[in-house]
Structure formats: structure tokens, C-alpha cells
Amino acid sequence: MCKKAVEFREFQGTDLGEVRALVDRTIDGCYTGIYCAEAVQFFKDWHHDQKILEHAQNGCTLVVEQNGRIIGTGTIIGDEIVRVFVDPTYQKHGFGKLIMWKLEEKALSNGMDVVRLDASIPSKKFYDLLDYVTLEETFLEVENDKRLDYCKMQKLLRESAMNIRQAAEKDMDVLVDLIRGSFREVAEKYELTVENCPKNPAFYTMDRIKSDFENGLQYFILEVDGRPCGCVALEKAKPDVCYLMRLGVLPAYRNNGYGRALVDCIFEQAKQIGAGRVEIAIIAKDIKRENWYKKLGFVEKGTREFDHLPFTVEFMYRELSGELE
């Protein structure tokens, strides 16, 4: 018997009951035994009827239909992909990939360069194969003090033209905006203000930038499609030691590898002027930032208290010999 061709179409209000049943059926079939019962129930409750309808109204929800039966669905809202489910009976036949490709095409047509999603434990491998990158492994607390582990992931859909150039004095106003915009969230997180921490980069001024240039700091600006979105500074402290300073990427451009690109730029510049080590200073309790630098090869050097700072400073360094030759 010849099967009816698979049809991809947009969600209609009359599909609600069938889509909700598909979601519940897939959660039961794929999550039970991997997640605790409380987490499985959390998933079901999260995909309630009203949320399905709201997402369809505010974004684009697709359904996959074969022989009059809905066997898969997926939704994109802005740059976020949610609720991608394929009936367990129809999995491993390429329907999930087709749903993802169509959602990504929708994102591209809407001008999105990057899409993001939250991946459950059983679905992570599927997204890995589609070139999604894990940004963070995290969890939610559910009933009875249980936890639901998942990953935040994203995919770059379209390569942007990235360029790093050395800044000149004419770029000082751009640098002030980049530095303040990149460090504002850190200042808010640690309750830093102009009063208790006036020298924090979140409160950078034109006078300080001018002083940096006068003192010989080299600044580099990262541009994406011609738009400045990050910067970093290099100071030669000793003949064989450079300081990496003011590394920042504007929030809208993060998680695209731009911070790493700026650090690599400093490594290369430091080697060119004869330095064998790059050192940094960070807020000691900023564990996420510390771990990020460790992934780039930095190691802890020590900590120190300063009377004019409301936090402990941690110093780290990276040797440049060996792999960068």
C-alpha cells in the first residue's frame, strides 16, 4: 500500500488537542526512566494548552501530518526554538531533522543569524548532530527537591563578517560605549556603583580612555558586519609580561566565540612584542568567568584585597610558549 506523502503545514487552532496528546505521548515515551517522575510531570505541565496556543500566535508552529495524523511538531518564537517533538513510533525516520530545517529556514527568512533552544537529556545528542553548540549545562528544581537537568544550546545559521582591528584615538567614543555596555551587567550583579567602585569599567569615561592611550595601552575593536560589538586592551607591564584588560562583548553578541577571538588576538599581539606571559585580574567570586579563562589556558596566581575595591581580586596568567609557536 502506498503511503500518503508527508505534509508540513502551520498549526491551526483545531490541532490543539492532537498536538497536546502528541507532546504528552512523546514525553512519556522518551523521558520516563531518564528523568524522575516529578521532572516528567513538569515537562507535561509546561506544555499546557494555553502556552501552545500563545506560542503559535506569537511565533510559527509547524505540524507534520501523515495519513491524516499529526506525527510531529515544532515552534520558533523570535530566535528560540521550542516544543520539537516527534511521535516515538515515527522517530529515526528523519522527521525531526526536517522540522528543524524548516524552523531554521523560518529564522533565516526573519533575519535571524543565530537560533537557541533548551535541550533535554535525551534530545541533546540529536541537536549535537545538527551542529548545535552547548552553551551551558544547567537544571531546574522541581517538586520534592528533585532536579531537571538540561542544556542551553545554540546554532549559528549564517556566518557574519568578523574583523578585529587596532583602535585609534578617533575610536575613543566607540570604546567608551563598548566598555560601559559590556560591563554593565557585571556591575549590577555585584552591586557595584560609581560611589563604591568608581573605577569599574561599567563607569568608564572619556578621560580614562584618553589616559589609556597616553600611557601606551593598545586597544582592539571587534566588528561584526561593520558594527563594533567588542573590545580588549593590551598593556606591556614588563619586558616579558602583558596585561589583558577591558575584555568585553556587548550582550547581544555573546556566545558566538567573539570573546575567545579577542583573547587570541591579545595572545598574538603579546608574542609580537616579545612577551611570554599574559596576566589578567578578575572578581574572585565570579566563578563562571574564572572557569571561562581556565578553558583558555589561564591558571590561578593568587588573590588580593584592595582598600578601594568592594571585592577580592583574583589574578590569573597564561604562558604563551609552546602551542602558540
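Observations on the structure shown:
- Among 67, 144, 255, the largest mean-square fluctuation in a Gaussian network model of the chain, built with springs joining Cα atoms closer than 10 Å, belongs to 144.
- When DSSP beta bridges are restricted to pairs lying wholly in the chain, around 95% turn out antiparallel.
- Mean projected area (nm²) of the alpha-carbon convex hull when segment 162-319 is viewed from all directions: 9.0 nm²
- Estimated purely from DSSP H runs of n ≥ 4, each contributing -39500 (n - 2.57), the mean residue ellipticity at 222 nm for the chain is -10500 deg cm²/dmol once divided by its residues.
- Segment 38-139: C-alpha gyration tensor shape, a/c 1.5 cut-off, then a/b vs b/c: rounded
- Residue with peak Gaussian network fluctuation, the chain [Cα springs, cutoff 10 Å], from 186, 133, 263: 186
- Separation of the residue 102 and residue 77 label points, Cα + 7 Å toward Cβ, nm: 2.0 nm
- Overall Cα dimensions of segment 101-220, principal axis frame, Å, largest first: 55, 41, 24
- Rounded to the nearest whole angstrom, the semi-axes of the ellipsoid equivalent to the chain, taken from the Cα gyration tensor as √(5λ), stand at 47, 22, 19, largest first.
- Those residues of segment 32-52 whose amide nitrogen sits under 12 Å from the label point placed on residue 16, 7 Å along Cα→Cβ: 48-52
- Highest mean packing first, where packing is the average number of other Cβ atoms within 10 Å per residue, the peptides 305-314, 170-179, 243-252 line up as 243-252, 170-179, 305-314.
- Global form of segment 1-87, assessed from the alpha-carbon gyration tensor, a/c cut-off 1.5: oblate
- Eligible lysines near residue 189 by straight Cα distance, threshold 29 Å, same-chain separation 8 or greater: 146, 152, 155, 199, 210, 285, 288, 294, 295, 301
- Straightening the chain between residue 277 and residue 44 buys 78.7 nm, computed as 0.36 nm per residue apart minus the Cα-Cα spacing.
- Relative packing of 116-124, 267-275, which averages over residues the other C-beta atoms within 10 Å, highest first: 116-124, 267-275
- Förster radius 30 Å - calculated FRET efficiency between residue 157 and residue 235, Cβ distance, rounded to 0.05: 0.20
- Cross-link partners of residue 92 among lysines, defined as those whose alpha carbon lies under 18 angstrom from its own and excluding same-chain residues fewer than eight positions apart: 3, 102, 124, 125.
- For the chain, the longest principal axis of the C-alpha atoms and the axis of helix 95-109 are separated by about 50°.
- Potential lengthening of the chain between residue 303 and residue 110 amounts to 64.7 nm, from the contour at 0.36 nm per residue minus the alpha-carbon distance.
- Averaging the sequence gap over all C-alpha pairs within less than 8 Å and six or more residues apart, then dividing by the number of residues, gives segment 162-319 a relative contact order of 20 percent.
No value in this document is a laboratory result; all are computed from the given coordinates. Worth saying up front: this structure is predicted, and the values here are computed from it rather than measured. We place every Cβ from the backbone using ideal geometry, glycine too, and count neighbours over all the protein chains shown.
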